[in-house]
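The values are calculated or read from the model by the stated rules, or taken from the named source; none is laboratory data. Model, not experiment: these values are computed from the prediction. Virtual Cβ from ideal backbone geometry, glycine too; neighbours counted across all protein chains shown.
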Amino acid sequence: MLPLPYFYIVMRIDIITVLPEMLEGFVNTSILARAQKKGLVEIYVHNLRDYTTDKHRRVDDYPFGGFAGMVMQCQPIDACISALTAERHYDEIIFTSPDGEQFDQPMANSLSLHKNIIILCGHYKGIDYRIREHLITKEVSIGDYVLTGGELAAAVMSDAIVRLIPGVLGDEQSAFNDSFQDNLLAAPVYTRPAEYKGWRVPDILLSGHDAKIKEWEIQQSLERTKRLRPDLLDK
Ligand code: 6GU
């Protein structure tokens with residue numbers, strides 16, 4: 001592990017959800033747990049129900065206009081966001097929604113440069129639109145399919161963002177070599193043994209010839225991108 005510089009910025013991610021148990025396991029496991037233990041990021045999961053003034057802890061109500069489904073109310077969301085923004089400045093207050101801007105690697109890169117972000121997980125049919133108009137600064141979707149709630153989207157975004165923070169991955173280089181950082185898919189990788197059930201590792205990788213191996217890796221990257229994701233080559 002590289003030594004941390006004397007002065008570095010700790011990123012803070014606050015996630016607001018009606019299903020905190022869905023996110024707590026995730027943010028306290030694996031790469032996100034390690035990043036927090038190293039002091040590089042702080043992730044807080046807030047239960048929206050803790051902020052309602054309703055005596056039955058309800059956070060949703062029927063929509064005006066007689067539409068189907070339930071809508072998350074302004075009051076608990078405003079109370080939670082206001083409690084957070086009273087303590088510190090937030091660079092973005094993100095709402096997860098299928099109609100948001102599509103999350104991708106460039107968005108993960110720019111979000112990873114922020115100091116503080118809030119991710120509000122959408123649920124049910126939606127949230128009172130006034131929250132989106134007055135409090136939300138960015139709406140993000142993780143793809144063209146509909147999820148039951150924004151929790152998985154918040155988990156996906158947090159993972160993609162946190163692994164980009166310097167010091168989080170063991171090898172400083174590895175985030176830069178990812179598929180998509182250069183709009184190329186990664187080359188195949190292999191480990192020992194060199195032959196398993198007659199399946200052989202490409203000879204070039206056993207040759208010890210670094211320049212030729214590098215050339216093979218680039219050629220494999222290009223070939224796989226052309227074949228599997230030709231759209232990436234147009235970017
Ligand atoms: Cl961010 N939320 C929901 N509910 N569904 C989605 C999504 C988000 N992104 C893709 N589908």
Kindly indicate whether residue 152 is in a helix (DSSP H, G or I), surrounded by fewer than 19 Cβ atoms within 10 Å (Cβ to Cβ) and within 14 Å of the ligand (Cβ to nearest atom).
yes
Members of region 133-145 found to be out of contact with any helix residue (DSSP H, G or I) (no Cβ under 6 Å at 6 or more places or on another chain), of a type outside the set (Asp, Glu) and either closer than 18 Å to residue 155 by Cα or part of a strand (DSSP E or B) (or both), listed by number
138, 140, 141, 143, 145
Using the structure shown, decide if residue 142 is β-branched (Val, Ile, Thr), surrounded by 15 or more Cβ atoms within 10 Å (Cβ to Cβ) and more than 8 Å from the ligand (Cβ to nearest atom).
no
Failed criterion for residue 45 (all others in (1) among the β-branched types (Val, Ile, Thr); (2) surrounded by fewer than 16 Cβ atoms within 10 Å (Cβ to Cβ); (3) in contact with a Pro (Cβ under 8 Å, 6 or more places away or on another chain) hold)
(2)
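Rundown of residues vs (1) within 21 Å of residue 156 (Cβ to Cβ); (2) part of a helix (DSSP H, G or I); (3) more than 16 Å from the ligand (Cβ to nearest atom), yes/no style:
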residue	(1), (2), (3)
56	no, no, yes
64	no, no, yes
84	no, yes, yes
96	yes, no, no
99	yes, no, no
108	yes, yes, no
119	yes, no, no
123	yes, no, no
131	no, yes, no
Restricting attention to region 176-185, does a residue exist that is assigned to a loop (DSSP other than H, G, I, E, B), without any contact (Cβ under 8 Å) to a residue 24 or more places away in the chain, under 30 Å from residue 45 (Cβ atoms) and away from the ligand (no atom under 16 Å from the Cβ)?
yes
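Here is a yes/no grid of residues against (1) modelled with pLDDT of 95 or more; (2) within 30 Å of residue 64 (Cα to Cα); (3) in contact with a Cys (Cβ under 7 Å, 6 or more places away or on another chain); (4) surrounded by fewer than 20 Cβ atoms within 10 Å (Cβ to Cβ):
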{"residue": "85", "(1), (2), (3), (4)": "yes, yes, no, yes"}
{"residue": "91", "(1), (2), (3), (4)": "yes, no, no, yes"}
{"residue": "95", "(1), (2), (3), (4)": "yes, yes, no, no"}
{"residue": "101", "(1), (2), (3), (4)": "yes, yes, no, yes"}
{"residue": "123", "(1), (2), (3), (4)": "no, yes, no, no"}
{"residue": "128", "(1), (2), (3), (4)": "yes, yes, yes, yes"}
{"residue": "133", "(1), (2), (3), (4)": "yes, yes, no, yes"}
{"residue": "146", "(1), (2), (3), (4)": "no, yes, no, yes"}
Residue among 221, 158 that alone is polar (S, T, N, Q), in contact (Cβ under 8 Å) with a residue 60 or more places away in the chain and not in a loop (DSSP other than H, G, I, E, B)
158
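Listed here are the residues, each with its yes/no results for (1) touching an Asp or Glu at 6+ places or on another chain (Cβ under 6 Å); (2) modelled with pLDDT of 95 or more; (3) among the β-branched types (Val, Ile, Thr).
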position: 188; (1), (2), (3): no, yes, no
position: 196; (1), (2), (3): no, yes, no
position: 205; (1), (2), (3): no, yes, no
position: 208; (1), (2), (3): no, yes, no
position: 211; (1), (2), (3): no, yes, no
position: 218; (1), (2), (3): no, yes, yes
position: 221; (1), (2), (3): no, yes, no
position: 224; (1), (2), (3): no, yes, no
position: 233; (1), (2), (3): no, no, no
Check region 155-163 and report whether any residue there is within 16 Å of the ligand (Cβ to nearest atom), aliphatic (A, V, I, L, M), under 25 Å from residue 3 (Cβ atoms) and within 15 Å of the chain's Cα centre (by Cα).
yes
Please name all residue pairs, on different chains or six or more residues apart, with Cβ atoms under 8 Å, provided the first residue is in region 186-207 and is over 22 Å from residue 222 (Cβ atoms) and the second residue is surrounded by 10 or more Cβ atoms within 10 Å (Cβ to Cβ) and among the charged types (D, E, K, R).
194/200
Residues in region 1-21 that are under 18 Å from the mean Cα position of the chain (by Cα) and surrounded by 12 or more Cβ atoms within 10 Å (Cβ to Cβ): how many?
10
